[in-house]
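Working notes, structure below.
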Amino acid sequence: MPSEPKPVLQTVSDAPVNPQDELPYRRRQQALLREFGTAALQTRDFRQILQNAAELSARGLGCSYAKVLEYLPDDRRLIVRAGIGWPAGTVDRVSLGADIESPAGFAFQTGQSVVSNHLQGETRFRTPKLLADHGIKRAINVLIRRGGEGNTPFGVLEADSPDPGQFDDADADFLAGFAGLLGIAIERQHADAKLEEARDHEALLTREMSHRVKNSLTSVVGLLRVQARASESLDVKNALENAAMRVSSIAEVHDHLWRGSKVGFVDLSDFVVHLCENLQRSAPEHKLQYHSDPVIISADKAIPLGLLVNELVTNAVKYAYVDGPGVIRVDAREIDGHLIVEISDEGMGLPEGFDINQPRNSLGFRVINGLIRQLMGELKISTNTPRGALFTIKFSLDPP
């Protein structure tokens, strides 16, 4: 149950304008309608919208009491959801009959505005106990429509006064205008809630899909490694192990996708850590050092990047150090909207005149070129300092 609102004011600051001075009175009402319309568009606080409607409509009519009533279909009653002038304990607890024998019920059932200037002598309706207990002498009730088609109305907006006087048709029109704006604001709130619910559901489905894809890919990795161990051919064994590592890199992305806080994106720093830990386990004789800036990257970029890191680190493991173990570094930095990823070693370096774009039989280099094109990035190959090879990948990051 929502928390009990603070007690509302018992009076309003604006006293009724002299009926003989009609124009300023109506101008003030129009100004309050504009004020409420602006406020309703600027807030997503549903309760605050209802409370503003009660307070501003009371000011416009010079009343010390007003309330917003919501219809409860199961109970067939109208419950107070916001108000001014009523004591603490009224909101969310006090309800009125929604039948046609009460002023609010008549307005709700027929859609007609109800003006009662003499509640004590009213013969059309019974006077609700809440009004009688507070000495209410006159009241206006108008229907609050939701603003959508085919929806049950939200309830009733009611202005009440214990003072003698007369509400007229123009006052009823003013309150109906307030109720119209309030209904639109309520419908927008409901539409926003449905949209948020749909987004949450879509995010849940997306995460579930990524989780299942990760599990499926992990099963594929296991099968490839079983086949690799069973193979008697060294070439086949190596090919299957390479395939397993590539599939494992894609699985790692999907693992981060379903765990991540933003659907469709991964935290690059966490991703690099887990990817490099897996690569380290496959090459325990070497030392893999890695670092990444905390960058959020889309899955469309993370998958080819993970495969690139896998290919380049695996190549360094295989070919950089012929005399024994060595160090391989992975460093990812964000610079001016671009991601710069460096994979380096201190091994024997690349052959003189090496050109990755030249036709060659190596599947790994063909994969690397294809992934660079997929990222719409560029790859620079240079000599590392003091020795070895340095591969620098650069591509644009998605806008936040």
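Okay, here's what the table says:
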read-out: Residue check for R93: within 14 Å of Y71 (Cα to Cα), open to solvent by 40 Å² or more (accessible area, probe 1.4 Å) and assigned to a loop (DSSP other than H, G, I, E, B); value: yes
read-out: Pairs with Cβ under 6 Å, 6+ apart, first in region 270-295 and in contact (Cβ under 8 Å) with a residue 60 or more places away in the chain and closer than 19 Å to E342 by Cβ, second of a type outside the set (S, T, N, Q) and part of a helix (DSSP H, G or I); value: V295/L268
read-out: Pick from region 284-317, criterion under 36 Å from the mean Cα position of the chain (by Cα) and farther than 14 Å from L397 by Cβ, ranking: most open to solvent (accessible area, probe 1.4 Å); value: H291
read-out: Subset of region 96-110 [among the hydrophobic types (A, V, I, L, M, F, W, C) and assigned to a loop (DSSP other than H, G, I, E, B)]; value: A98, I100
read-out: Residue in region 34-50 that is assigned to a helix (DSSP H, G or I), of a type outside the set (S, T, Y), crowded, with 16+ Cβ neighbours inside 10 Å and modelled with pLDDT of 90 or more present; value: yes
read-out: Region 145-197: number of residues that are exposed (fewer than 13 other Cβ atoms within 10 Å of the Cβ), touching a residue at least 12 places away in the same chain (Cβ under 8 Å), of a type outside the set (S, T, Y) and over 29 Å from R26 (Cα atoms); value: 1
read-out: Residue list for region 75-90, filter: within 26 Å of R124 (Cα to Cα) and surrounded by fewer than 16 Cβ atoms within 10 Å (Cβ to Cβ); value: D75, R76
read-out: Test for R366: is it over 39 Å from the mean Cα position of the chain (by Cα) and either at pLDDT below 85 or within 23 Å of D270 (Cβ to Cβ) (or both); value: yes
read-out: Pairs with Cβ under 9 Å, 6+ apart, first in region 100-125 and farther than 18 Å from D168 by Cα, second open to solvent by 80 Å² or more (accessible area, probe 1.4 Å) and assigned to a helix (DSSP H, G or I); value: I100/Q109
read-out: Residues within region 96-115 that are over 43 Å from the mean Cα position of the chain (by Cα) and either under 23 Å from D75 (Cα atoms) or surrounded by 22 or more Cβ atoms within 10 Å (Cβ to Cβ) (or both), tallied; value: 1
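Each row is one residue, and each column tells you yes or no for (1) more than 27 Å from the chain's Cα centre (by Cα); (2) over 17 Å from L307 (Cα atoms).
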| site | (1), (2) |
| --- | --- |
| V236 | yes, yes |
| A239 | yes, no |
| A251 | no, no |
| K262 | no, yes |
| S282 | yes, no |
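The values are calculated or read from the model by the stated rules, or taken from the named source; none is laboratory data. Note that the structure is a prediction, hence the values are computed from the model and not measured. A quick note on method: Cβ atoms are made from the backbone with ideal geometry, for glycine too, and the neighbour counts reach across all protein chains shown. Note: accessible area is taken over every heavy atom of the protein model, side chains too, but ligands, DNA and RNA are not part of it. Shrake-Rupley method; radii C 1.70, N 1.55, O 1.52, S 1.80 Å.
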